[in-house]
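Worksheet: one structure, shown below.
The values are calculated or read from the model by the stated rules, or taken from the named source; none is laboratory data. None of these values were measured; they are calculated from a predicted model. Counting neighbours? That spans all protein chains shown, and the Cβs are built from the backbone with ideal geometry, glycine included. For accessibility, only protein heavy atoms count, side chains too; no ligands or nucleic acids. Shrake-Rupley method; radii C 1.70, N 1.55, O 1.52, S 1.80 Å.
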Amino acid sequence: MNIPHHRRLATLVALGFSAALAQGAPQAPAPDSPEAKQARLAWFKEAKFGLFIHWGLYAIPAGEWKGKHVPGIGEWIMNRAKIPVAEYEQLAKQWNPVKFDPDAWVQMAQDAGMKYIVITSKHHDGFALFDSKVTKWDVVDATPFKRDILKELSAACQKHGMPLGFYYSQAQDWHEPGGAGNDWDFGPDLGPDGKERKDYDAYLRGKAEPQVRELLTGYGPVALIWFDTPRMMTPERARRFSDLVRSLQPKTLIDGRLGAAGDYVSTGDNVIPAQVQNEAWEVPATINHTWGFRRDDQDWKSPGEVTFKLVDIVSKGGNYLLNVGPTAEGVIPQGSQETLRTVGRWLKVNGEAVYGTGPTPWGDELGEPSAKGTKDLRGNPLALPHNEWRVTTRPGKLYFIFFQEPRAPFELPPMKNAVKRAYRLADAEPVEVKVENGRPQLVVARPIRDPMATVVVVEIEGDKVER
Ligand code: H79
């Protein structure tokens, strides 16, 4: 029954249940209500930094098929090389990641200062990393490894108190005749008339929906479901997934790519918005140039780049979901681990400026629009980013995060609030505040710079910046 919350209350009262209500069994707000959504989002807004894991059979070819280099993102190799299903299925026989150590993965995420993990339960190739009862195309039934990877990872996450979410490709499934995306075995998704040529609903009802049910019933609390590429997701089809998630685990978040509004907005892959966004949002991003492991891509972002992106995103109100692609043996590549662990050491000292903080009260420091009319490749107005500093907030506190030594003294951006005091976050060393022409300045003693970024905490009168 889908009666709006206020109407349901009215109905209950009319039916004479008012006494029971007055005795105060509090009604949970309806899952679609803004209150329920905000409650679900509380941990997510605190977390800021998550680990994305793309792992599947594509880690075996790792960017190469029959001795040929296949360009592009590694997990797309079946599509890019037009590998027939029957041939791709043979990879499962080679899946034996003997070095898979779920505890070590969760420990690494913790060392990196990451507060949640999202793993591919099934990517576009349709292969499930869990023991699914609705298909044999899964890790337990089709491989010599025979271990339910998600079961083991979820146990490790529960042990470490790490929230775990599942990526699930609901629309594309290149293994199934009714799934979207495989035009080399099953023909195009749409006819020349634009009408659907495949029995999508048979695929959705026969595989995708039952598998999402399995994920939400067999693996403990699921922090979020990360749907992707919503091809052919009509509002009705999207609704079937959201109803399933809400009915089985009302606390589970739904990302922004289901095909209907989720709990938060997902930006494009690797796309960081230029300004503060008011809804909860998340950037899915690569640490090199691929999601699934590619042997030829060891071009890891540096710890400094990752730290800048994290702080940039957080100062705009978002979360950073940063990906690693483990090898077919089950190892997270050493170079990506080194970057993440270095970021984690910075966060251990400076995390107060990141976790649970609010966005910048200003925004001018983020950058400026370029000369009138210039657009980027996506048609968005081109921004000229500034990258000297960012600011995050808590009631009564501002965290100025410097990526370059400011040309001292650093004039604080305009606010009516008086400044009480300022100090470096890393060592609590006081920073002198001098008022010049009515504007407070930070007299930053050199050297101010941590090789990554230096945080100066500014305590102000009042909770919020008044401009
Ligand atoms: O899971 C990761 C990607 O596999 C998935 N989203 C992230 C989180 C994703 N699916 N589709 N896309 C991203 C857009 C993909 C576009 C491309 Fe291609 C794939 C460009 C190059 C390879 C398709 C094939 C378009 C051109 C060739």
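Computed quantities for the displayed model
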item: Between helix 303-315 and the chain: long-axis angle, C-alpha atoms, 0 to 90°, nearest 10; result: 80 degrees
item: Protein accessible area in the chain, 1.4 Å probe - carbon and sulfur %; result: 53 percent
item: Efficiency of FRET between residue 201 and residue 247 - r from beta-carbon atoms, R0 30 angstrom, step 0.05; result: 0.95
item: Highest average packing first - 271-280, 341-350, 250-259, Cβ atoms within 10 Å; result: 250-259, 341-350, 271-280
item: Ranked packing of 284-296, 36-48, most packed first, by mean Cβ within 10 Å; result: 284-296, 36-48
item: Cα-based equivalent ellipsoid, the chain: semi-axes from gyration tensor eigenvalues, Å; result: 41, 30, 21
item: Nearest-ten-degree value, helix 149-160 long axis tilted from longest Cα axis of the chain; result: 30 degrees
item: Within the chain, percent of DSSP bridges classed antiparallel, to nearest 5; result: 55 percent
item: Degrees separating the helix 102-111 axis from the principal Cα axis of the chain, which is the longest one; result: 20 degrees
item: Pairs from 37/348; 115/309; 48/316; 37/159; 122/151 whose Cα-Cα separation, in the structure shown, is over 18 Å; result: 37/348; 37/159
